[in-house]
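Chemist: Have a look at the structure that comes next, please.
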Amino acid sequence: MSFQYIREMPHVDAVLESIPLSEDLRRVKRQTDAEIIAVFRGESEKFIVIIGPCSADNEDSVCEYVSRLASLQEEVREKIILIPRIYTNKPRTTGEGYKGMAHQPKPTEAPNMVKGLKAIRRMHIRAMKESHLTAADEMLYPGNYPYLEDILSYVAVGARSVENQLHRLTISGLDVPAGMKNPTSGDIEVMLNSVQAAQMPHIFVYNGWEVKTSGNPLTHCILRGGVDGSCGASIPNYHYEDMMKLSDAYKKRELKFPAIIVDTNHANSNKKFLEQPRIAKEVMRSRKYSKTLKSRVKGLMIESYLVEGSQKISENVYGKSITDPCLGWEDSERLVRELAELV
């Protein structure tokens, strides 16, 4: 057999008991969840901005970044809800490279997923404690979700996972908003199939149990651009026509709370991170022009960190991405203030 069993993963209850979330922070999460959910249910006109590093690689720099976001949130709280992007798993197209803190608590050390699960839980709790903001994370491994279930206010399913059956079924059991990205092909019908599946109840096997879910009506679409399979060129899908096309496609399905989040990086920017402010503001202008988009486009995803750009792990620049390049803090702060004026 080609599998080598390295170490048994700890039971969820054991990790939650050893790294608990205080009652004060539970209250913070309940209050923030209610505020975010009101946006997706159409009960609030506030705008969502999910913003943060491409990958959360260092607890100190991530928490410093999130604390800065907390100060900015106070400035824009009447118009915008900031959700820190604390992504602890990193999908790799070829399988090579840093796979996130869940794999490697320290990027320079060997993978250890037991230490990694504990490290990401500690980091999420510390970030919440220091900022009173609750975070988004990507669901790369559905089985890891229970270790963060009491912490996360938003979950994203990536372009390479969106067609996976277990991801769709697991999302159907969440009670927080969950975004399904379009696949790398850009096919919006595949994305809508995933949204539809996750909004339905299911019975399936999950973490060693037969489980039953009630469906997640807060599941929605994330436009992240696509890639032309014949030549590898990026195909953006954040333009007015693209968002209207998705809105029309929504109408053909009986889906609850149709919503769109636009990812300003990835194939939408052709990974040119400095294009994100321009793309974000174009989306806001489209919302101003169309009442339909004003009601459907609920927010943006932005990749941002303390220091702009990206680096190799060996460079060890504090607060600079070791995966995809990100906006720096000054540009990010300016952009959030501009978005608040455009809501």
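Read the figures in this text as sums done on the coordinates, not as results from a lab. Remember, predicted model here, so these are calculated numbers, not experimental data. All Cβ positions, even for glycine, are placed from backbone atoms using ideal geometry, and neighbour counts span all protein chains on display.
Chemist: Please give the length that would be gained between Arg160 and Glu341 if that part of the chain were fully extended, namely 0.36 nm times their separation in residues minus their C-alpha to C-alpha distance (nm, one decimal).
Modeler: Going from the current span to full extension adds 61.7 nm.
Chemist: Among Thr219, Val12, Met128, whose Cα projects farthest towards the positive end of the dipole of the chain, with charges put on the beta-carbon of Lys, Arg (+1) and Asp, Glu (-1)?
Modeler: Thr219
Chemist: Any chance you could get the radius of gyration and Dmax over the Cα atoms of the stretch 12-342, in Å?
Modeler: For the stretch 12-342, the Cα-based Rg and Dmax read 18.4, 53 Å.
Chemist: For the stretch 148-178 and the stretch 318-343, what is the centre-to-centre distance using only Cα atoms, to the nearest Å?
Modeler: 25 Å
Chemist: Report the charge-dipole magnitude of the stretch 12-342 in Debye, nearest 20, computed about the Cα centre from +1 at each Lys and Arg Cβ and -1 at each Asp and Glu Cβ.
Modeler: Taking the Cα centre of the stretch 12-342 as origin, the dipole is about 580 debye.
Chemist: Right, next: Given the stretch 1-108, report the % of alpha carbon pairs whose separation exceeds 25 Å.
Modeler: 41 percent
Chemist: How would you classify the stretch 33-86 from its alpha-carbon gyration tensor, with a ≥ b ≥ c the square roots of the eigenvalues: rounded for a/c under 1.5, else prolate if a/b is greater than b/c, otherwise oblate?
Modeler: Prolate.
Chemist: Students often get this wrong, so check it: of Lys256/Lys294; Lys181/Lys212; Lys106/Lys320; Lys181/Lys312, which have C-alpha atoms separated by over 21 Å?
Modeler: Pairs exceeding the cut-off: Lys181/Lys212; Lys181/Lys312.
Chemist: Mind checking the full-extension length gain between Val114 and Asp24? Use 0.36 nm per residue of separation minus the Cα-Cα distance, one decimal, nm.
Modeler: Full-extension gain reported as 29.7 nm.
Chemist: Follow-up. Which loop-located GluC sites (Glu not before Pro) does the stretch 69-105 contain, where loop means any DSSP state but H, G, I, E or B and the Cβ has at most 15 other Cβ atoms within 10 Å?
Modeler: Glu78, Glu96
Chemist: Counting alpha carbon pairs within less than 8 Å and at least 6 residues apart, what relative contact order, in whole percent, applies to the stretch 12-342?
Modeler: Normalised by residue count, the contact order of the stretch 12-342 is 16 percent.
Chemist: Can you figure out the FRET efficiency of Glu130 with Lys212, using R₀ = 41 Å and their beta-carbon distance, to the nearest 0.05?
Modeler: In this case the efficiency is close to 0.65.
Chemist: Okay, next question. Please report the relative contact order for the stretch 74-198, taking Cα pairs under 8 Å with a sequence separation of at least 6, and give it as a percent rounded to a whole number.
Modeler: That works out to 18 percent.
Chemist: Could I have the simple spin-label model distance between Gln31 and Ser295, label points 7 Å from Cα toward Cβ, reported in nm to one decimal?
Modeler: It works out to 3.1 nm between the two label points.
Chemist: By how many nm would the segment from Gln311 to Thr93 grow when fully extended, if each residue of separation counts as 0.36 nm and the alpha-carbon distance is taken off?
Modeler: Length difference between fully extended and current span is 76.6 nm.
Chemist: Here is a follow-up. Hey, quick one: spin label on Lys245, modelled 7 Å out along Cα-Cβ, who in the stretch 197-239 has an amide N within reach, i.e. under 16 Å?
Modeler: 222-230, 233-239
Chemist: Let me know the shape class of the stretch 48-203, please: from the alpha-carbon gyration tensor, a ≥ b ≥ c as square roots of the eigenvalues, rounded when a/c is under 1.5, otherwise prolate if a/b is greater than b/c, or oblate.
Modeler: Because a/c hits 1.5 or more and a/b fails to exceed b/c, the stretch 48-203 counts as oblate.
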